[in-house]
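Data block below; observations after.
Nothing in this text is a laboratory measurement; each read-out follows from the coordinates by a stated rule. Not measured: the values here are computed from a predicted model. Using ideal geometry, Cβ is built from the backbone for each residue, glycine included, and neighbour counts are taken over all protein chains shown.
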Amino acid sequence: MSRGQTAKLALTALAQDSRGVSLIEFAISLPFLILLFTGSFQLSDAVAANRKVTMAARTIADLTSQYTVVSDSDLDTILNASQQVMAPYAVKDATMTVTLVKTDLLYRSTVDWSEGKNTSGLRPGTAFNLPVAIKQPGTSLIVAQVVYAYKPTFGMAYIGTIPLAETIIMSPRGSSTINHS
């Protein structure tokens, strides 16, 4: 057999050999699979963080609405308890505010009192924009707001910080208003 025939037979055998095809296909698809996995993880983590923000705002409004008179220490306790709802996410990246908004007989809504965690509360007497559908003259409403700066685990340089926010509005349960002492 000549050298040319041997080379031709070797190339023919190599062309018919399919043992390495799976490895090559895997090597080509691996970067896509890693991207798909990390993207899915990141998306589910962001959804979980958004859910925690909603639950924290709900907790603030729900706990506050059960009082008839509230003190600064009561509000600190409520806001601290709501920070526990945010676990395992960093509470230093979350601002929480609880506000009592009163609407007068002329449909003007103003802040009666407000307390914040990682932020200052709203100034009493300032105007507050309530949705028209729930604005009733002579009423008081609890407004709980949570804003969280979500930082992705992967791809922070590409995605950046994602702001998550939730506002929950509830009526006081035990009385028509909640006084601050």
GLU166, sole failed condition from (1) without any contact (Cβ under 8 Å) to a residue 60 or more places away in the chain; (2) buried (at least 17 other Cβ atoms within 10 Å of the Cβ): (1)
Pairs returned, first residue in region 29-57 that is in contact (Cβ under 8 Å) with a residue 24 or more places away in the chain, second residue that is charged (D, E, K, R), beta-carbon separation under 6 angstrom, 6 or more apart or interchain, are VAL53/GLU166; THR54/GLU166; ALA57/GLU166
In region 1-46, what residues are of a type in the set (Ser, Thr, Tyr) and assigned to a loop (DSSP other than H, G, I, E, B)? SER2, SER18
Within region 59-69, the residues that are closer than 18 Å to SER176 by Cβ, among the polar types (S, T, N, Q) and part of a helix (DSSP H, G or I) are THR64, SER65
Among residues belonging to region 101-123 that are among the charged types (D, E, K, R) and surrounded by 12 or more Cβ atoms within 10 Å (Cβ to Cβ), point out the one that is nearest to THR64 (Cα to Cα). GLU115
So which residues in region 70-100 are within 16 Å of SER181 (Cα to Cα) and either buried (at least 19 other Cβ atoms within 10 Å of the Cβ) or touching a residue at least 24 places away in the same chain (Cβ under 8 Å) (or both), if there are any at all? VAL70, SER71, ASP72, LEU75, ASP76, ILE78, VAL98, THR99, LEU100
Please go through region 30-69 and pick out each residue that is buried (at least 16 other Cβ atoms within 10 Å of the Cβ) and among the charged types (D, E, K, R). LYS52, ARG58, ASP62
